[in-house]
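Please read the structure below before turning to the comments.
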Amino acid sequence: MDILTLNCGSSSLKYQLYSWDKREVLSKGIVERVTVGGSFIEHYARGKGKVKKEQDCPNHKVALELVLSMLTHPEAGAIADLSQIKAVGHRVVHGGERFAQSVVIDEAALATFKELAGLAPLHNPPNILGIEAARAVLPGVPHCAVMDTAWHQTMPKAAYTYALPYSWYAKHGVRRYGFHGTSFLYVAKRAAVLLGKDPFQTNLVLLHIGNGASANAVRAGVSVDTSMGFTPLEGLVMGTRAGDHDAAIGYYVMAKENLAPREMDKILNKSSGILGITEKYTDRRDVLQAAEKGEERARLAIEVEAYRIKKYIGSYLAALGRIDAVVFTAGVGEMNPVIREAALSGLEGLGIRCDPRKNALARTRNAETAISTDASPVKIFVIPTDEELVMTEDTEALLVGSYQPHTRFTYSFQGRDYVNHERAEALAQELKERPQLAEVLARLP
């Protein structure tokens with residue numbers, strides 16, 4: 001049985017085709033610049049390598065049709081025909097309080113996602129466009145929704161309630177929701193495996209650091225606090241989002257520069273964060289290179305981002321009382337030892353002790369690594385996330401009727417013998433080029 005997963009952004013469509021029977025990725029890729037012109041697809045099929053094709057995609061329906069044509073392409077494709085696709089899983093960023101778990105999409109669910117669009121105006125509308133396009137192009141198979149917010153529905157009321165007029169929550173749903181839940185679910189379960197513990201006996205601080213970034217406090221295997229809030233704007237410093245700041249600043253600058261609310265919203269989401277500080281960069285690789293060349297603003301951006309991460313680690317340790325591990329994931333978390341080391345320095349007194357050599361070596365998307373010292377009471381892991389696998393497994397379980405919320409459901413990647421074959425093959429090649437990487441590979445206890 002082959003399962004297609006889709007992640008639709010405002011101008012992109014990310015996809016993966018997974019063989020459930022073989023437990024392997026058959027194909028994956030992304031269509032970029034959807035709706036904005038100059039569209040192209042980067043497509044990979046197992047055993048056939050990567051191809052890039054330019055084609056205008058004025059909307060997500062056309063983009064999805066392009067994806068399906070590549071999946072069945074006689075030379076670059078992964079399947080003979082579309083009948084092999086038995087279900088489609090969709091990422092939905094915001095499920096509000098209505099959804100605490102993944103669901104099969106029916107008309108009622110789709111209507112609810114549309115109602116919630118105002119809570120995530122940058123994310124839910126393109127998610128909905130992708131769902132509608134996929135249901136039109138693949139009408140004969142079940143479509144399922146996997147919500148980023150669902151993981152955080154275990155937060156206690158004291159953690160998700162803002163000190164604002166309570167009527168705003170009652171009338172408009174204003175509360176902390178949190179995001180990156182699918183990623184946090186995966187790395188939380190994998191961290192438990194690496195610790196050799198029952199997932200519901202683990203306390204963790206999880207750090208999803210990419211262009212979007214958030215922190216998550218996990219007590220006894222469930223989310224109890226997170227840095228993103230009502231929207232993905234709150235919390236850590238991000239590529240273009242401000243994260244935590246004094247809300248009065250927006251009103252002050254709006255008055256000074258005669259800005260409309262929509263303009264300020266765009267500035268806080270699209271022109272702040274790393275880009276706001278450097279006024280040049282969003283990619284942390286560019287920031288590091290600039291800092292190495294002496295650009296003061298680049299150095300400052302690194303310091304500000306790392307300091308904010310450090311504060312969240314400390315505050316979540318205080319909230320949890322004790323932790324078993326700190327876990328880094330996502331693009332920056334997995335590949336940027338400079339930011340990791342800066343965020344962890346000075347935490348030795350809290351039992352969080354990073355080994356500088358291990359940290360420097362831990363730069364891979366293909367393996368889980370351990371970067372804490374041997375004597376560190378708190379383990380530090382770098383775990384490449386796999387949101388697509390969570391989406392695939394939820395979709396398959398919904399399809400066969402075995403699905404339960406994660407507190408009562410066991411994923412394949414929770415097994416000690418779980419292997420991601422694609423990553424294992426890539427790691428074997430990487431070890432030939434960087435044999436010292438073997439020193440930091442996480443070992444099962």
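The values are calculated or read from the model by the stated rules, or taken from the named source; none is laboratory data. All values reported here derive from a predicted model rather than from experimental measurement. Here Cβ is always computed from backbone atoms with ideal geometry, including for glycine, and neighbour counts include all displayed protein chains. SASA here: full protein model, heavy atoms, side chains in, ligands and nucleic acids out. Shrake-Rupley method; radii C 1.70, N 1.55, O 1.52, S 1.80 Å.
Right, Arg23: of a type in the set (Lys, Arg) and closer than 22 Å to Thr182 by Cβ or not? When the stated conditions are applied, Arg23 passes them. Restricting segment 364-382 to residues that are open to solvent by 40 Å² or more (accessible area, probe 1.4 Å) and farther than 13 Å from Ala442 by Cα leaves a set whose member that is farthest from the chain's Cα centre (by Cα) is Ala375. Screening Glu422, Glu341, Glu348 for residues that are over 20 Å from the mean Cα position of the chain (by Cα) and touching a residue at least 12 places away in the same chain (Cβ under 8 Å) leaves exactly one candidate, Glu341. Please name all residue pairs, on different chains or six or more residues apart, with Cβ atoms under 7 Å, provided the first residue is in segment 201-220 and is under 15 Å from Lys310 (Cβ atoms) and without any contact (Cβ under 8 Å) to a residue 24 or more places away in the chain and the second residue is open to solvent by 10 Å² or more (accessible area, probe 1.4 Å) and not polar (S, T, N, Q). Nothing qualifies. The residues of segment 22-68 that are farther than 26 Å from Glu422 by Cα and either touching a strand residue (DSSP E or B) at 6+ places or on another chain (Cβ under 8 Å) or open to solvent by less than 20 Å² (accessible area, probe 1.4 Å) (or both), listed by number, are Arg33, Val34, Gly38, Ser39, Glu54, Gln55, Cys57, His60. Scan segment 212-230 for residues that are out of contact with any Asp or Glu (no Cβ under 6 Å at 6 or more places or on another chain), in a loop (DSSP other than H, G, I, E, B) and open to solvent by less than 40 Å² (accessible area, probe 1.4 Å) and the total you get is 4. Please indicate, with yes or no, whether at least one residue in segment 12-19 is open to solvent by 40 Å² or more (accessible area, probe 1.4 Å), in a strand (DSSP E or B), under 17 Å from Ala133 (Cβ atoms) and of a type outside the set (Lys, Arg). No, segment 12-19 has no match at all. Looking across segment 364-419, just one residue is touching a residue at least 40 places away in the same chain (Cβ under 8 Å), over 28 Å from Gly331 (Cβ atoms) and β-branched (Val, Ile, Thr), and that is Thr407.
Elements of the type helices (runs of 4 or more DSSP H) sitting completely within segment 351-437 and holding at least 3 residues that are farther than 23 Å from Ala188 by Cβ and at pLDDT 95 or above: these cover 356-361, 421-433. Among residues that are in a helix (DSSP H, G or I), under 25 Å from Leu347 (Cα atoms) and among the hydroxyl-bearing types (Ser, Thr, Tyr), Tyr316 is included. Any residue at all in segment 191-203 that's open to solvent by 10 Å² or more (accessible area, probe 1.4 Å), within 30 Å of Glu279 (Cβ to Cβ) and not in a helix (DSSP H, G or I)? No, segment 191-203 has no match at all. In segment 50-61, the residues that are farther than 7 Å from Phe40 by Cβ and in contact (Cβ under 8 Å) with a residue 12 or more places away in the chain reach residues that are open to solvent by 80 Å² or more (accessible area, probe 1.4 Å) and of a type in the set (A, V, I, L, M) with C-beta atoms within less than 7 angstrom, at least six apart or across chains, in these pairs: His60/Leu129.
The number of residues in segment 262-312 that are crowded, with 18+ Cβ neighbours inside 10 Å, polar (S, T, N, Q) and more than 20 Å from His208 (Cβ to Cβ) comes to 1.
Counted as qualifying within segment 69-183 are the helices (runs of 4 or more DSSP H) with 2 or more residues that are touching a Leu at 6+ places or on another chain (Cβ under 9 Å) and surrounded by 18 or more Cβ atoms within 10 Å (Cβ to Cβ), namely 124-137. If you go through segment 285-304 and pick out every residue that is in contact (Cβ under 8 Å) with a residue 12 or more places away in the chain and part of a loop (DSSP other than H, G, I, E, B), you end up with 1. Are any of the residues in segment 319-328 of a type outside the set (Phe, Trp, Tyr), assigned to a helix (DSSP H, G or I), closer than 20 Å to Leu204 by Cβ and modelled with pLDDT of 95 or more? Yes, the conditions are met somewhere in segment 319-328. Here Ala255 clears all of (1) part of a helix (DSSP H, G or I); (2) under 19 Å from Gly210 (Cβ atoms) except the condition numbered (2). Among the residues of segment 156-191, the ones that are among the small types (Gly, Ala, Ser) and farther than 24 Å from Lys310 by Cβ come to 4 in all.
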